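Scroll down for the structure; my scribbles are underneath it.
The values are calculated or read from the model by the stated rules, or taken from the named source; none is laboratory data. Here the structure is a predicted model, which is why all the values come from computation and not from measurement. Methodologically, a virtual Cβ is constructed for each residue, glycine included, from the backbone with ideal geometry; neighbour enumeration extends over all protein chains shown. In case anyone asks, the SASA skips ligands and DNA or RNA and just uses the protein heavy atoms, side chains included. Shrake-Rupley method; radii C 1.70, N 1.55, O 1.52, S 1.80 Å.
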Amino acid sequence: MTHRLASSLAVLAAVGLFSAATFHANAYPKPAKVPTEWELKFRYDEPRRIIVEVPGEKVPKAFWYLTYSVTNLTDTQQQFLPTFELVTKTGKLIRSDKNLPNAVFEAVKKAAGVNFIEHPVKIAGPLLTGADQAKDGVAIWEEPEPELGSFTVFVGGLSGESIQLTDDAGKVLTGAEGKPIVLFKTMQIDYTVSGDELLAGTDPINKTRMSWVMR
C-alpha cells in the first residue's frame, strides 16, 4: 500500500466513511486518465500565512489561505460547490472557512491584493461558461499547528466524475448512516514547509505534487 493510499484510507476511515478492514487497497478506485465528466479549470496560488486580530479574541490568531481562480470551459453552466480540506502530517483534517469571522476574510482580501475576490460562502453557486465568467476565490483555515512541516490540500467540486464503492462481491459499501459511499474526483496538492515555531510563516513553501484522486 502506498503512503498516499494509506493516508486516503485513513482519512476516509477517520470521518466514518468506511472501515479499512472491509476494503482492499488494491481495489481503491482512481480517476479516469481522460476526463469522463465535466471538469472546471482551476488555477491556484501558493498557500500563505497571515496573523489577524480577531474581534473578541485576546490575542491575534494565525490563519493560512489559498487564493484561486475557477473557470468553466465546458459547454454548459455548472454548479460550483467547492470544498477545501487541509490535512496535516499528523492526520488532522480541517475544513476551510469554518466559523470564519468576516474580519479574517477582509484581512486576507487586503493581503492577497485580488480586487474581485469573493467570500468563501458567496462564491458557491452557478458558474457560467467562458473565460470572462471566471471567479476569484479564497480558502482559509485557522492554523492547526505552529509547525506544519508538510500538509496536503484537497479541493473538491471541480469535476463531475464519481464512483460508488463496492466490495469484492459487488455489494455496495455504506457509511455510518447507512448511505452508499460515493467518491468524487478531487484535486490533491502536497506541500512541504521547513517551519520553525519561532519563525512560523517565514520559510519557503514548496509544492511537491499535484494529482487527482477519488475521495
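Is there a residue in region 162-184 that is open to solvent by 70 Å² or more (accessible area, probe 1.4 Å) and under 20 Å from Gly91 (Cβ atoms)? Checking region 162-184: at least one residue is open to solvent by 70 Å² or more (accessible area, probe 1.4 Å) and under 20 Å from Gly91 (Cβ atoms). When restricted to residues that are touching a Lys or Arg at 6+ places or on another chain (Cβ under 7 Å) and either open to solvent by 60 Å² or more (accessible area, probe 1.4 Å) or hydrophobic (A, V, I, L, M, F, W, C) (or both), region 122-147 contains 3.
If you filter region 197-215 down to residues that are part of a loop (DSSP other than H, G, I, E, B) and surrounded by 12 or more Cβ atoms within 10 Å (Cβ to Cβ), you find that the one that is modelled with the highest pLDDT is Arg215.
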